[in-house]
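Q: I'd like to ask some things about the structure below.
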Amino acid sequence: MTEIRTPRLVLRRWLDDDLVPLSEIHADPVVMQGIGDGRPRSPEQTAEDIEAWEEEWDEEGFGMFAVELLGSGELAGAVGLSVADAPAEVAGQVAISWRLGRAFWGQGYASEAAHATLEFALQDRGLDRVVAVRRTGDSASANVLDKLGMQAEGTAQHPVHGYEVVVHGIDLTQYQE
């Protein structure tokens, strides 16, 4: 089982007990406003998400991690890697993303988890490049991406939802500098 420990977090594969706390995170419209169509997700949709993330782990050797607080064991959210399908500028590339419950915002958890995931992608999984896509105006995600050293490479329109996104990227040579 793939597991990464940081000073405050455990990044791990998904357990059955994660469905309820992740469903609570997905039910929060403020958390979900920057993800997909921006609408909260039902427990059934959350179960489908977890199933898809686990399938990606099995097929690709990477996926979305459950983010657990090391001290309490509380589920804080998800961070990980997926093969992007949109926008066209990043389709087929490996993208990093995250979502944390609001109670965990502003404490550096997203940066800590994303940094560990980026290191996992580039060093453990041997990827040459990782991208990220964020909505224009999402300053919290921009801050995390800056801390990761990911450079803005341009803007695009999300083909399904129509909003503008900023595409970021980093390759192995940039990461090692």
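The values are calculated or read from the model by the stated rules, or taken from the named source; none is laboratory data. Note that the coordinates shown come from a computational prediction; the quantities given were computed from them, not determined experimentally. Virtual Cβ from ideal backbone geometry, glycine too; neighbours counted across all protein chains shown.
Q: Of everything in the range 122-137, what is of a type outside the set (Val, Ile, Thr) and under 20 Å from Asp49 (Cβ atoms)? Give them in sequence order. Walk me through how you get there before you give the answer.
A: As a first pass, look at the range 122-137 and keep what is of a type outside the set (Val, Ile, Thr): 122-129, 132, 134-135, 137.
Across the range 122-137, the qualifying residues are Ala132, Arg134, Arg135.
Q: Do you know which residues across the range 144-175 are surrounded by fewer than 18 Cβ atoms within 10 Å (Cβ to Cβ) and either without any contact (Cβ under 8 Å) to a residue 12 or more places away in the chain or assigned to a loop (DSSP other than H, G, I, E, B) (or both)?
A: Asp146, Gly149, His158, Pro159, Val160, His161, Gly162, Tyr163, Thr173
Q: Sticking with this one: For Leu19, only one of the following conditions fails: (1) surrounded by 16 or more Cβ atoms within 10 Å (Cβ to Cβ); (2) under 17 Å from Ser97 (Cα atoms). What is its number?
A: (2)
Q: Quick one: Glu24 ticks every box in (1) within 24 Å of Arg135 (Cβ to Cβ); (2) in a strand (DSSP E or B); (3) touching a residue at least 60 places away in the same chain (Cβ under 8 Å) except a single one, so which number is it?
A: Glu24 satisfies all of (1) within 24 Å of Arg135 (Cβ to Cβ); (2) in a strand (DSSP E or B); (3) touching a residue at least 60 places away in the same chain (Cβ under 8 Å) except (2).
Q: Quick check, is Gly106 buried (at least 16 other Cβ atoms within 10 Å of the Cβ) and among the small types (Gly, Ala, Ser)?
A: When the stated conditions are applied, Gly106 does not pass them.
Q: Would the range 36-50 turn up any residue that is of a type in the set (Lys, Arg), over 20 Å from Tyr109 (Cβ atoms) and surrounded by 12 or more Cβ atoms within 10 Å (Cβ to Cβ)? Even if it seems obvious, please write down each step before you answer.
A: Residues of the range 36-50 that are of a type in the set (Lys, Arg), as a first pass: 39, 41.
Next cut, over 20 Å from Tyr109 (Cβ atoms) only: 39, 41.
When the remaining residues are screened for being surrounded by 12 or more Cβ atoms within 10 Å (Cβ to Cβ), the result is 39, 41.
Checking the range 36-50: at least one residue is of a type in the set (Lys, Arg), over 20 Å from Tyr109 (Cβ atoms) and surrounded by 12 or more Cβ atoms within 10 Å (Cβ to Cβ).
Q: Can I ask one more? When only residues in the range 22-35 that are of a type in the set (Val, Ile, Thr) and either under 30 Å from Gln123 (Cα atoms) or in contact with a strand residue (DSSP E or B) (Cβ under 9 Å, 6 or more places away or on another chain) (or both) count, which is surrounded by the fewest Cβ atoms within 10 Å (Cβ to Cβ)? Can you show your working first?
A: Initial filter on the range 22-35 (of a type in the set (Val, Ile, Thr)): 25, 30-31, 35.
Filter once more, keeping what is either under 30 Å from Gln123 (Cα atoms) or in contact with a strand residue (DSSP E or B) (Cβ under 9 Å, 6 or more places away or on another chain) (or both): 25, 31, 35.
Values: Ile25: 22, Val31: 20, Ile35: 15.
Looking at the filtered set, the residue picked out is Ile35.
Q: Just to verify a result, which residue in the range 59-96, among those that are of a type in the set (Asp, Glu) and modelled with pLDDT of 95 or more, is surrounded by the most Cβ atoms within 10 Å (Cβ to Cβ)?
A: Step one: list which residues in the range 59-96 are of a type in the set (Asp, Glu), which gives 59-60, 68, 74, 85, 89.
After this cut, where a residue has to be modelled with pLDDT of 95 or more as well, the list is 59-60, 68, 74.
Working: Glu59: 10, Glu60: 13, Glu68: 22, Glu74: 13.
Among them, the one singled out is Glu68.
Q: Moving on. Report the residue count in the range 106-124 for those that are of a type outside the set (A, V, I, L, M, F, W, C), at negative phi and at pLDDT 95 or above.
A: So the count comes out to 7.
Q: Please go through the range 74-133 and pick out each residue that is over 15 Å from the mean Cα position of the chain (by Cα), free of Cβ contacts under 8 Å to residues at least 40 places away in the same chain and farther than 17 Å from Ala156 by Cβ.
A: Ala103, Gly106, Gln107, Gln123, Asp124, Gly126
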